[in-house]
Amino acid sequence: MKTTALLALLLLVAPTLAQPESPAQRDARLQWWREARFGMFIHWGPVSLTGEEIGWSRNPGPNGYGGGKTPAAEYDALFKRWNPSEFNAKQWVAIAQAAGMKYMVFTSKHHDGFCEWDSKLTDYKITSPESPFHRDVVRELADACHAAGLRFGLYYSPPDAHHPDYHVDQARYNEYFHGQIRELLSNYGKLDIIWFDSLGGSAESWGAEQLFADIKRLQPDILINNRLGLPADYDTPEQTIGGFQLNRPWETCMTICNQWAWRPDDAMKPLEQCLRTLISCAGGDGNLLFNVGPMPTGAIEPRQVDRLKEMGDWLGKYGESVYATRGGPYKPNRNLASTRRGDTVYVHVFKWTGETLTLPALPAKVLESSLLTGGTVQVAETADGLALTVAKADQQAIDTIVKLKLDRPAMDIAALRTVPRNLVRPGMKVTASNVYLNMAEHGADRAIDGNDGTRWATDGGTRSAWLEVDLGHPTTFDRLEVDESYAGRVQKFELQVRDGEAWKACYQGTTIGESFVAKFDPVTAQVVRLNILEATEGPTIFEARLFSTASGTSLVNANTKLSASNVFQNEPTYAPEMATDDDTGTRWATDGGTKTAWLAFDFGRPVTLTRAEIDEAIEPRVQAFELQYKDGEAWKTFYTGATIGPDYAAEFAPVTAREVRLNILDATNGPTIWEVRLFGPAR
């Protein structure tokens, strides 16, 4: 009788039990977001009265941060005199839509703990009796978005510098945290996104698994980002453009100015940078969540509105190359990006050198070609690849879009790299003869950080200077790229290599300008110097890069036997072969929590190696590794390294062996590798 009753009860509740989501169901849930590509992020609160950064200007701030300018008592009382009477939710929505944005994410609570809705769990909120404004901002924004057909999401910070239980009684604090999430998901209609920002902490410490179950119960179609200790639906690189990644959704969050919250006279990004950031995100198969910080009055700063409108005007003309596309097949670089949909590829060219751009050949026939931005394009398949020729009169200052119609689905084409790997990487030892006012933000390392927005600068009046980088080991290169800030100052320079105690020039030039490129005979050296011999004023360099353009063909092929110490959940889709299939959309992955792992290659015969290229997926998890060859039963190390990242290249003295392995000695979490390529001596 008891057994029969239990079975009946199970049958009764079974339909209500959550079922695992299939990949197809997940893709369907994410489809609108992938197609949207562009969203508005809004950071706003009482802190706008000070013009300082939200959360972080409180002292003490998040997790005890002590660098804020505003004492906690003063910061926490700002809401009592904050009356943003010009706030108009419909106007904010209209601004977003005029910009071509398809969704909005608003900060319901930042690290300072102030709540922008009528929470029943705290009095530290905008509807407090002590607030002169006393309006539920989340309510008004949700209603305005729903009425206008703009997707709506909420940012929520689990860290809370104001709450007495935070970092004191985590269990009790989580009751508050989870309760507030239930409020937001129950009382404001459909929410499309919940955007956490936990500043670390484990899924267990936040009770994330139970919370996610509650979220899905209340809002089954909602999207969740990756900042609560669980991978969730998508990754969120911050203030940088994410790397090319087809197999997992991602979204760059970035500010239109420098600060997240409003700051008077904050430097605003030019239209060129704004649009190229959006296009590069789409080209990497990601979204852009672009942040504005409204003023204390409640209005969005007019110049920010104007910039967003300019972006919307451009998207109104050329949005077909951004919306509802996927990234690739050409991987983005600083000069171009590409997107695709159906049988069409859109090549976005940011910078031209001459009238012809030659790209790697496509494994497809180009049936039709046109210039979306106006004018004509000539497309030719040559021995060097696919040549796109556009007259200078038809080249656009921000983005020239070439539209290619193919004889097959564009998504069938594996990702193609358009430039060789930069041999100069962040973290290398770099020095300079002079740094502007000895300021760290203008140090030598800023010229090799991969960020076009930072620079190495020298003191005013400097007429000669040098920038020196130690590549860590003898490295062969044959191409130099330099981006000069304040183009035209440099009048004469040399690229030098250190030979013993002497410096020898391997290339000599005159002016540099915004985008200098030089090709020369291959040179092998460990320490390299850009020696500026003559300048009209203090030389200033955005970026300096070195390349080897003669890597050849990887020795790893279909006949190479592969093995690995660990494969994520023993899934074939993450097998070692995925790191050698020449497809940057697949990867070898290891189980979560893995700190050490190896990937081994058996070539079947002795081969000679001189170079390795490694693309790490998701994030730079690897902290230390070595390349080894097998000598009898022992493994011997022939190269050691620290972090890998997305575009690692290593050169070493020739090694001849049949079996080789990448041995990861230390990782912050399960190592994951897109591709490994091994090369022999250049011919």
- [ ] Of the numbered conditions (1) surrounded by 18 or more Cβ atoms within 10 Å (Cβ to Cβ); (2) under 29 Å from the mean Cα position of the chain (by Cα); (3) part of a strand (DSSP E or B), Arg529 fails exactly one; give the number of that condition.
- [x] (2)
TODO: Answer yes or no as to whether Gln508 is open to solvent by 30 Å² or more (accessible area, probe 1.4 Å), of a type outside the set (Phe, Trp, Tyr) and assigned to a helix (DSSP H, G or I).
DONE: no
TODO: Could you tell me whether Ala397 is in contact (Cβ under 8 Å) with a residue 60 or more places away in the chain and surrounded by fewer than 16 Cβ atoms within 10 Å (Cβ to Cβ)?
DONE: yes
Open item on the list: If Phe568 meets every condition in (1) under 28 Å from Val419 (Cα atoms); (2) open to solvent by 50 Å² or more (accessible area, probe 1.4 Å); (3) touching a Phe, Trp or Tyr at 6+ places or on another chain (Cβ under 6 Å); (4) not small (Gly, Ala, Ser) apart from one, which number is that one?
Closed with: (1)
- [ ] Scan region 621-641 residue by residue and report those that are more than 22 Å from Leu555 (Cα to Cα), touching a residue at least 12 places away in the same chain (Cβ under 8 Å) and either surrounded by fewer than 18 Cβ atoms within 10 Å (Cβ to Cβ) or among the small types (Gly, Ala, Ser) (or both).
- [x] Gln623, Ala624
TODO: Assess whether Ala589 counts as being open to solvent by less than 50 Å² (accessible area, probe 1.4 Å), aliphatic (A, V, I, L, M) and closer than 25 Å to Tyr330 by Cα.
DONE: yes
Open item on the list: Exactly one condition in (1) acidic (Asp, Glu); (2) at pLDDT 95 or above; (3) within 28 Å of Glu272 (Cα to Cα) is false for Glu468; which is it?
Closed with: (3)
Open item on the list: Looking for something surrounded by 21 or more Cβ atoms within 10 Å (Cβ to Cβ), closer than 27 Å to Ser485 by Cβ and modelled with pLDDT of 95 or more - is there at least one such residue anywhere in region 400-415?
Closed with: yes
Task: Only listed residue being part of a strand (DSSP E or B) and either out of contact with any Gly (no Cβ under 7 Å at 6 or more places or on another chain) or not charged (D, E, K, R) (or both), chosen from Phe106, Phe79, Phe133 - done: Phe106
Open item on the list: Can you tell me which residue is farthest from Met101 (Cα to Cα) among those in region 125-184 that are polar (S, T, N, Q) and in contact with an Asp or Glu (Cβ under 6 Å, 6 or more places away or on another chain)?
Closed with: Thr127
TODO: Would you please list the contacts, defined by Cβ atoms under 6 Å and residues six or more apart or on different chains, that run from a residue in region 465-489 that is small (Gly, Ala, Ser) to a residue that is part of a strand (DSSP E or B)?
DONE: Ala465/Ile532; Ser485/Thr540; Ser485/Phe542
Task: Where a residue in region 248-263 is free of Cβ contacts under 8 Å to residues at least 24 places away in the same chain and its partner, wherever it lies, is of a type outside the set (Gly, Ala, Ser) and part of a loop (DSSP other than H, G, I, E, B), with Cβ under 7 Å and at least six apart - done: Asn258/Asp266
TODO: Working only within region 651-681, note down all residues that are part of a strand (DSSP E or B), buried (at least 16 other Cβ atoms within 10 Å of the Cβ), of a type outside the set (Gly, Ala, Ser) and in contact with a Lys or Arg (Cβ under 7 Å, 6 or more places away or on another chain).
DONE: Glu651, Glu659, Thr672, Ile673, Trp674, Phe679
- [ ] Return the only residue of Ile618, Ile644, Ile614 being within 30 Å of Ser202 (Cα to Cα), at pLDDT below 95, open to solvent by 50 Å² or more (accessible area, probe 1.4 Å) and not aromatic (Phe, Trp, Tyr).
- [x] Ile618
Open item on the list: So for region 163-183 (the condition being touching a residue at least 12 places away in the same chain (Cβ under 8 Å) and under 25 Å from Ala28 (Cα atoms)), does at least one residue qualify?
Closed with: yes
Open item on the list: Restricting to region 332-347, give me the number of residues that are surrounded by fewer than 24 Cβ atoms within 10 Å (Cβ to Cβ) and under 22 Å from Glu481 (Cα atoms).
Closed with: 3
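The values are calculated or read from the model by the stated rules, or taken from the named source; none is laboratory data. Treat the numbers as computed from the prediction; the structure is a model and nothing was measured. Because the Cβ atoms are built from the backbone with ideal geometry, glycine has one as well, and the counts that use them run over all protein chains shown. Side chains are part of the model used for accessible areas, which takes the heavy atoms of the whole protein and leaves out ligands, DNA and RNA. Shrake-Rupley method; radii C 1.70, N 1.55, O 1.52, S 1.80 Å.
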